[in-house]
Every structure is written in structure tokens, then in C-alpha cells.
Amino acid sequence: MLLIRILIITICVLYIVRSLARIFLPMLFQSVVNKAQQQHNQHYTQQRPHSRPEEKIKVDYVPPAPKTTIPDNEGDFIDYEEVK
């Protein structure tokens, strides 16, 4: 009788802990993620103005684009027959 009582109490306690964990763990993880995002954003905004000046870039030379077309005298030609 004592063993059954201990098993029932253990099962009830585990069920309650499991239910509470389903409620509170997502809130806890969400707060941890929010804090990490805030720290990242603060770190990023502090570094950004010092990393690169806000000047315009002028490009004087643009290399010519390579030709992508294949001439007619290059390539393979395979004869085929229609199958009916």
C-alpha cells in the first residue's frame, strides 16, 4: 500500500512539473533570446559608425564583360533521326 501511494505521488509531482515546464520554459528562453539580441544590436550599432566612413565611392574603370556566346564553328553537332 505504501509503495502504490509513493508511486501515485511521484507520478502526480512529475506531471505537475512537466505542465509547469511547458508553461514557463518558453517564456524563460524567449527572455534569454531577447537579451542576446539586444546585446548583439548594441554591439553592432556601436561598431558600425567607426568601421566605415560615410563617403561615396567613385569607380573610374569597369572591365569589359567576357563574351558568353559560342561561335557557330565551335561546338558539337549530333545528327538525329525522328522516331515515329
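Miscellaneous remarks
- Take the Cβ atoms of LEU2 and LEU25, set R0 to 25 Å, and the FRET efficiency comes out at 0.15.
- For the peptides 23-29, 59-65, the ranking by mean Cβ contacts within 10 Å, running from highest to lowest, is 23-29, 59-65.
- Extension gain (nm, one decimal) between GLN39 and TYR15, 0.36 nm per residue minus Cα-Cα: 5.0 nm
- Simple label model, 7 Å out from Cα along Cβ direction - VAL32 to VAL83, nm: 6.2 nm
Only the coordinates and a few stated rules stand behind these numbers; no lab work does. Quantities reported herein were computed from a predicted structural model and do not represent experimental measurements. We place every Cβ from the backbone using ideal geometry, glycine too, and count neighbours over all the protein chains shown.
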